[in-house]
Amino acid sequence: MSKPSLELKGASFTLSVLHINSSDLTAVMAELDSKLAQAPQFFLGAPLVINLSAIQHNDFNLHGLKELLISRQLVIVGITGATTVLSKQAKDLGLAIVKAGKQSTTPPPAPRQTKIVKQNIRSGQQVYAKNGDLIIFGAVGNGAEVIADGSIHIYGALRGKAMAGAAGDPTAVIIAHSLEAELVSIAGQYWLAENLQQHSSDKSGCIRLNGESLMVESLPL
Amino acid sequence: MAQIIVVTSGKGGVGKTTSSAAIATGLAMQGRKTVVIDFDIGLRNLDLIMGCERRVVYDFVNVINGEANLNQALIKDKRCEKLFVLPASQTRDKDALTKEGVGRVLDDLAKDFEFIICDSPAGIEQGAMMALYFADIAIVTTNPEVSSVRDSDRILGMLQSKSRRAELNLEPIKEYLLLTRYSPSRVKSGEMLSVDDVKEILAIELLGVIPESQSVLKASNSGVPVIIDQESDAGLAYSDTVARLLGEDVPVRFITEEKKGFLQRIFGS
C-alpha cells in the first residue's frame, strides 16, 4: 500500500511569546529594538506568539503592531489572550488565535531516594521511605512498621509489619534476612503471619507480587 | 559528672523497683554516692522496698514545686551512708512531673552524687517519659515472657527517639538488658524464653540475669533491698549486675539448672 500523500499529526512546539503590556506602540517598539539589538541573529525570522492579555481596551492598533513586527523580520504565528474584539481583528488580519496551554504546575517526579536506617526498629516505631526504597541494617521488632513506596530490604529479622510499594508500585519487593513477619504487603496485597508460614519454609526470602497474589522466593545465600 | 541511670520496662510488675533498690544499694555499698528517685508519683513503692516509708516527710514533687529543698526531701539510708532515697508523692499524679522541674532537680543532684537511679513507673506516659528523658544509661528490666519482651522493645524505641540525648543528637543512651524472674527449669521445659531468645529479640547488651527467688518477696516485705541478702541467688546475681555496671567482667550465673553432678559436688563450682 502506498504512503498517503499527507498525514495529520499533532505535535507541540516551543514558541516565544511576546507579552505586550502597553498600547503605546512607540514605547513598545523602542524596548523591543533594544532587546533585538542584544541578539539580532536569534530573533531573525523567529516565530512569535503575541500575548495581549494585558490589553483590555479595544482601540489597540493591532494592525500597526503587526506591520512593525514584520518590518523587523519577526514571524507572527498567532495571538493569544486578546479580548473578543481584538481576536476578531486578528482573524481579519489573518492571524491565528492560539490558546495558551496550561502552565504545567506539577514538578517532574522527584528522583527515587533510598532511605537507610542503621538500627533496630523497635515495637511501636514506624519508618516510611517516601518515593523510594528502604534499607534497614537491623531487625524490625514485633509491633513495628516499615513502609516504603519502593522496595524494603531488611538485613536482620522482620518480626513486625512491612509494606512495600505503598504508593501502588507492583514491582516492589520485600527482602528480609529472617521472615517472621506479622504482616507483609506489596501494593496493597497482603499476607498475615499464617499465610507467610504456609508459603515459606526458608528463614530468609524475597516477597514479590506475582500477578494478583504474593509469592516468596528463596534467596541465593 | 553524675551518671543518670533509668530502670525501666514498659510493663508493670517485672521488678523495676526491686531492681532499682538493689542496684542503688549495691552501688552505694561499693562506695559510690548514690541517690535513687521514685518516679512513680501516686503509686509510691520504692520507700517500702527500701524500708524508709516511715521517714518520708517531703517528696520529689515538693522539691519540684519549690515547697521543700533537696536536703529536706532526701532520706539517708540507715544501712549504707552513701545511699539516699528521694521518695515519690502519693497524693499527686504524674502530671506533677515537668521537664523543667525534673531537669532542675537532677542538675542539683548531679553536683553531689555519682549515680542517680531513676525508678520508672510502668507504661509509656508522662511519668515513664520523665524518668527516661534525662538518662545516660538505661537498664531495661524484662521478664522472660513475650509480653514483657515486646513492651521492653517499645521502651527501647522510646529511649532512641524521645530522650534528651536523642532530641539533642548526643551519643545515644547506653542500653542494658536486665532479665529478672528467670527460672532455668521452666526455660528447659519450654515455658519461658531463654536468655538467648530475649537477647536475640531485643539485641542489647546483657547486664544481668536475676533468678526467680523466694528471697525477693521476703526482702520486699521486710523493707530490705534483696542485694543485702548475700545468701540468696537473687542477691548474688544483683551483686554481679552492679559489678558489671561498674565495668567488671563477671560471668553470668544462675542461668542453668542447679543439678550438681557427682564431680561438681566433689570439686565445687
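The values are calculated or read from the model by the stated rules, or taken from the named source; none is laboratory data. What you see is a predicted model; the values in this text were computed from it and never measured. Ideal geometry is used to build each Cβ from the backbone, glycine not excepted, and the neighbour counts take in all protein chains shown.
Kindly state which strands (runs of 3 or more DSSP E) lie completely within the stretch A:171-221 and contain at least 2 residues that are farther than 14 Å from A:H153 by Cα and in contact (Cβ under 8 Å) with a residue 12 or more places away in the chain.
Working: elements: A:173-179, A:183-186, A:189-192, A:205-210, A:213-217.
Once the strands (runs of 3 or more DSSP E) in the stretch A:171-221 are filtered for at least 2 residues that are farther than 14 Å from A:H153 by Cα and in contact (Cβ under 8 Å) with a residue 12 or more places away in the chain, what remains is A:189-192, A:213-217.
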Residues of the stretch B:192-207 classified as within 14 Å of B:T256 (Cα to Cα) and of a type outside the set (S, T, Y), total: 4
Please work out which one of (1) surrounded by fewer than 17 Cβ atoms within 10 Å (Cβ to Cβ); (2) in a helix (DSSP H, G or I); (3) within 14 Å of chain A (Cβ to nearest Cβ) is the condition B:E171 fails and give its number. (2)
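Looking only at strands (runs of 3 or more DSSP E) that fall completely inside the stretch A:70-170, which ones have 3 or more residues that are within 14 Å of another protein chain (Cβ to nearest Cβ), in contact with a strand residue (DSSP E or B) (Cβ under 7 Å, 6 or more places away or on another chain) and under 26 Å from B:S161 (Cα atoms)?
Those strands (runs of 3 or more DSSP E) span A:152-158.
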Give the number of residues within the stretch A:62-103 that are among the charged types (D, E, K, R) and crowded, with 16+ Cβ neighbours inside 10 Å. 1
Let me spell it out: the conditions are (1) more than 14 Å from chain A (Cβ to nearest Cβ); (2) modelled with pLDDT of 95 or more; (3) closer than 24 Å to B:L156 by Cα, and B:V140 meets all of them except one. Which number is the exception? (1)
Single unsatisfied condition, B:G42 versus (1) at negative phi; (2) surrounded by fewer than 18 Cβ atoms within 10 Å (Cβ to Cβ); (3) more than 18 Å from the chain's Cα centre (by Cα): (1)
With respect to the numbered conditions (1) touching a Lys or Arg at 6+ places or on another chain (Cβ under 6 Å); (2) under 30 Å from A:N61 (Cβ atoms), which one is the sole condition not fulfilled by A:L183? (2)
Check A:I175 against each of (1) among the β-branched types (V, I, T); (2) buried (at least 23 other Cβ atoms within 10 Å of the Cβ); (3) more than 9 Å from chain B (Cβ to nearest Cβ) and name the one condition it does not meet. (2)
Restricting to the stretch B:133-149, give me the number of residues that are touching a residue at least 60 places away in the same chain (Cβ under 8 Å) and either surrounded by fewer than 22 Cβ atoms within 10 Å (Cβ to Cβ) or part of a strand (DSSP E or B) (or both). 9
Against the condition away from chain A (no Cβ under 12 Å) and among the β-branched types (V, I, T), how does B:I201 come out, does it pass? no
